[in-house]
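The values are calculated or read from the model by the stated rules, or taken from the named source; none is laboratory data. Since the model is a prediction, treat every value here as computed from it, not as a measurement. Please note: Cβ atoms are built from the backbone with ideal geometry, for glycine as well, and neighbour counts cover all protein chains shown.
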Amino acid sequence: MAEHRATIEWTAAVAPADFARGRYSREHRWTFDGGVVVEASASPSVVPAPWSNPSGVDPEEAYVAAISSCHMLTFLFAASKAGFTVAHYRDEAIGVMTKTPQGVAWVSRVTLAPRITYAGDKQPTADDVARLHHAAHEGCFIANSVKTEIVVSQ
């Protein structure tokens with residue numbers, strides 16, 4: 001199978017004593033194998049400013065985006081194979097963090113809320129759309145890799 005690579009880089013810009021007290025920036029950079037660079041940070045809901053930067057992508061947002069993106073790509077593939085033409089797909093996915101019984105925070109649920117517009121004469125029924133979403137969930141590499149509950153809201 002394929003390998004997928006990302007380089008994550010952070011540099012300390014504080015004295016060791018500040019680092020030991022947690023007074024350091026969580027801003028960092030993700031570089032992907034295609035050359036795209038993304039500014040990243042801890043979520044301000046986890047690490048308050050000034051030690052985080054809300055303009056950076058945080059790991060939890062990226063996780064939700066990866067699940068949504070994978071579902072969309074697999075949905076588009078399934079729709080094309082079924083003879084439907086998708087003209088527009090928009091998802092405003094939401095990830096919810098909860099705590100395990102041991103008190104460890106995790107993204108326990110991601111709700112996908114795709115709004116899809118179709119073109120052409122062949123339009124899917126509600127049952128067709130449900131089957132396409134099921135196929136997308138079953139075929140999504142990311143969904144098959146996580147324990148988070150993934151729900152599609154229609």
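Observations
- One residue stands out among those in the stretch 91-110 that are crowded, with 18+ Cβ neighbours inside 10 Å and not acidic (Asp, Glu): the one that is farthest from SER80 (Cα to Cα), which is VAL107.
- Of the strands (runs of 3 or more DSSP E) lying entirely inside the stretch 1-61, those carrying at least 2 residues that are modelled with pLDDT of 95 or more and of a type in the set (Val, Ile, Thr) are 6-9, 37-40.
- Selection from the stretch 117-149 of residues that are surrounded by fewer than 17 Cβ atoms within 10 Å (Cβ to Cβ), under 16 Å from the mean Cα position of the chain (by Cα), in contact (Cβ under 8 Å) with a residue 24 or more places away in the chain and part of a loop (DSSP other than H, G, I, E, B): PHE141, VAL146
- Restricting attention to the stretch 22-54, the residues being farther than 20 Å from VAL104 by Cα, surrounded by 15 or more Cβ atoms within 10 Å (Cβ to Cβ) and in contact with a helix residue (DSSP H, G or I) (Cβ under 9 Å, 6 or more places away or on another chain) number 3.
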